[in-house]
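Structure, as structure tokens:
Every read-out reported here was derived from the displayed coordinates using simple, explicitly stated rules and does not represent laboratory data. None of these values were measured; they are calculated from a predicted model. Here the Cβ positions follow ideal geometry from the backbone for every residue, glycine too, while neighbour counts run over all protein chains shown.
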């Protein structure tokens, strides 16, 4: 049951990135695993280009995970489509200047990082900032159309388009609702591959049940977090997965799809997981969290009822 595609997210500044791929054994492990890397393009500098060139030379597939400066929201959402489009233009020029080869382009669809941090600090006091969006259905429709045009440009340039999505987008889509998209700025897009971010480290002890609930029908599942990534205080400062937890999540996820992502490469290297995955037994027994997943399913049904009601009210 080994996955047909295994991809590691990597989200590091230029210096630590260079050091990661200079670590003995990392490239060899990736090659042995026949794994790819989704590389967060925090910058478009020469050091990052050199890392991509090195990965290209040894035949490791690289996906261009597009990101924005923090002052532009970092991730892609309904409020920064112009900046996202400009970023893709800059990426094309940078790619051509350095002769880089990409397996595809990844669009990370998440709320504005600045809003999330304000929520961490102010909680419900930030409601006044987002409630007016309930009546801004056109904002979501226009943003979806603009991102659809961007994705067509990316495809025309010969790249596969991936989106990295929170699983709630599945319930929003099934309910034909736009409530979450209006409030959070996330968008229901139509990529070539949708990767659901089912990170159990943030959902202990319910994470495996959430993974099992959302697994059916998923094109690709991302498990994690093994360490790294954007840091948030409080509830979002979750302990990284240990080896037993990562092993469990991988064996659960591969039951539903043979296209898996792991967040993150740097966390796996730091904890010594990458080398262990070379001899990983994908078929070892794992207990599916069936009973707990039924409870998650029930909560999702209630959420979809709310979403369907909102779709009628917010027409």
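Could you state the orientation-averaged shadow area of the convex hull built on the Cα atoms of region 241-282, in nm² to one decimal?
Across all orientations, region 241-282 yields a mean hull projection of 2.8 nm².
For region 143-211, compute Rh as the Kirkwood radius over C-alpha pairs and then the Stokes-Einstein diffusion coefficient at 4 °C and 1.567 mPa s; write the answer in µm²/s, rounded to an integer. Kindly include the intermediate steps, with their values, before the conclusion.
Numbers: Rh = 13.5 Å.
Taking Rh from Cα pairs, D becomes 96 µm²/s.
Using per-residue counts of other Cβ atoms within 10 Å, averaged over each peptide, order 96-104, 6-14, 238-246 from highest down.
Ranked by mean Cβ neighbours within 10 Å, highest first: 6-14, 238-246, 96-104.
Over the Cα atoms of the chain, what Rg and Dmax result, in angstrom?
Cα-based Rg and Dmax for the chain come out at 19.3, 58 Å.
Return P(r) of region 52-169 (all Cα-Cα pairs; 5 Å bins starting at 0; whole %; ordered from short to long distances).
Result, from short to long distances: 2, 10, 17, 21, 19, 13, 8, 6, 3, 1, 0 percent.
Along the Cα→Cβ direction, 7 angstrom out, place labels at residue 148 and residue 314. What is the inter-label distance in nm?
Spacing of the two 7 Å Cα→Cβ label points: 1.8 nm.
What is region 1-97 by shape, rounded, prolate or oblate, if you read a ≥ b ≥ c off the alpha carbon gyration tensor as root eigenvalues and call it rounded for a/c under 1.5, prolate for a/b larger than b/c, and oblate otherwise?
Taking the square roots of the gyration eigenvalues as a ≥ b ≥ c, region 1-97 is prolate.
Please list log₁₀ I(q)/I(0) at q = 0.12, 0.23, 0.26, 0.28 Å⁻¹ for region 256-315, using the Debye equation with identical point scatterers on the alpha-carbon positions.
Summing over Cα pairs of region 256-315 leads to -0.61, -1.00, -1.07, -1.11.
How would 287, 29 line up from fewest to most surrounding beta-carbon atoms within 10 angstrom? All intermediate terms of the calculation are to be shown ahead of the outcome.
On the way: 287 9, 29 21.
Fewest to most other Cβ atoms nearby, the residues stand as 287, 29.
Return a whole-number percent for the relative contact order of the chain, with Cα pairs under 8 Å and 6 or more residues apart as the contact set.
Over the chain, the number comes to 21 percent.
If you wrap a convex hull around the Cα atoms of region 93-223, how much volume per residue is inside, in Å³? Present the calculation step by step, with values, prior to reporting the outcome.
On the way: hull volume 19.4 nm³, N = 131.
It comes to 148 Å³ per residue, whole-number rounded.
Treating region 198-285 as a set of equal point scatterers at the Cα positions, no solvent, please give the Debye-formula log₁₀ I(q)/I(0) at q = 0.20, 0.22 Å⁻¹.
For region 198-285 at q = 0.20, 0.22 Å⁻¹, log10 I(q)/I(0) is -0.93, -1.12.
Using alpha-carbon pairs under 8 Å, 6+ residues apart, how would you state the relative contact order of region 198-268 in percent?
42 percent
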